[in-house]
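Q: Here it is: the structure, laid out below.
The values are calculated or read from the model by the stated rules, or taken from the named source; none is laboratory data. Just so we're clear, the structure is a prediction, and the values are computed from it rather than from any experiment. Virtual Cβ from ideal backbone geometry, glycine too; neighbours counted across all protein chains shown. Calculation scope for accessible area: heavy atoms of the full protein, side chains included, ligands and nucleic acids excluded. Shrake-Rupley method; radii C 1.70, N 1.55, O 1.52, S 1.80 Å.
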Amino acid sequence: NGQVAFDIVNREKPDLVISDIFLPEMNGFELCQRIRAAQEGSFDPAYVIMLTSRDSSEDLELGLESGAHDFIAKPFLFTELNVKVLTYVLKSRMQAARTTA
């Protein structure tokens with residue numbers, strides 16, 4: 001449920017959000033847009049990965065325009081998701097190291 005996900009993101013402030021596009025009440029594109037709007041100006045906004053069966057170039061474009069950082073089409077390999085999450089973690093740590101140096 002997109003609305004429930006949005007409420008959780010606002011309350012818990014996660015570092016990473018992995019969302020499908022097909023969600024009841026609010027689709028993943030709208031969820032991502034609302035997350036971005038709510039975190040506008042935030043020093044460390046959530047990193048959003050869209051994980052979905054929609055794999056057209058238009059869907060990829062919509063996902064990125066809605067504020068997603070990455071897009072993975074189903075069926076997917078767990079290794080692909082793992083690499084993208086690890087890449088985010090490394091980028092986040094490098095950014096944190098630069099801000100404390």
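Q: Using beta carbons and a limit of 9 Å, which pairs, at least six apart or on different chains, have the first residue in segment 9-26 and within 14 Å of Phe71 (Cβ to Cβ) and in contact (Cβ under 8 Å) with a residue 12 or more places away in the chain and the second one of a type in the set (Asp, Glu) and not in a strand (DSSP E or B)?
A: Hits for this filter: Ile21/Asp59.
Q: Among residues belonging to segment 43-101 that are assigned to a helix (DSSP H, G or I) and of a type in the set (Asp, Glu), point out the one that is most open to solvent (accessible area, probe 1.4 Å).
A: Checking each candidate, the answer is Glu65.
Q: Right, next: Of all residues in segment 1-40 being in a helix (DSSP H, G or I) and polar (S, T, N, Q), which is nearest to the chain's Cα centre (by Cα)? I'd like the intermediate steps shown before the answer.
A: Here is the first cut: in segment 1-40, the ones in a helix (DSSP H, G or I) are 2-12, 28-38.
Filter again for polar (S, T, N, Q), leaving 3, 10, 33.
Values: Gln3: 15, Asn10: 14, Gln33: 10 Å.
Filtering first and then ranking leaves Gln33.
Q: If the Cβ limit is 8 Å and pairs must be 6+ apart or interchain, which residue in segment 55-66 that is farther than 11 Å from Phe29 by Cβ pairs with which residue that is part of a loop (DSSP other than H, G, I, E, B) and basic (Lys, Arg)?
A: Qualifying pairs under 8 Å: Asp55/Lys74.
Q: Given the options Ala37, Ala5, name the one that is open to solvent by 50 Å² or more (accessible area, probe 1.4 Å), out of contact with any Asp or Glu (no Cβ under 8 Å at 6 or more places or on another chain), aliphatic (A, V, I, L, M) and farther than 16 Å from Phe71 by Cα.
A: Working: Ala5 fails: open to solvent by 50 Å² or more (accessible area, probe 1.4 Å).
Of Ala37, Ala5, the one residue that is open to solvent by 50 Å² or more (accessible area, probe 1.4 Å), out of contact with any Asp or Glu (no Cβ under 8 Å at 6 or more places or on another chain), aliphatic (A, V, I, L, M) and farther than 16 Å from Phe71 by Cα is Ala37.
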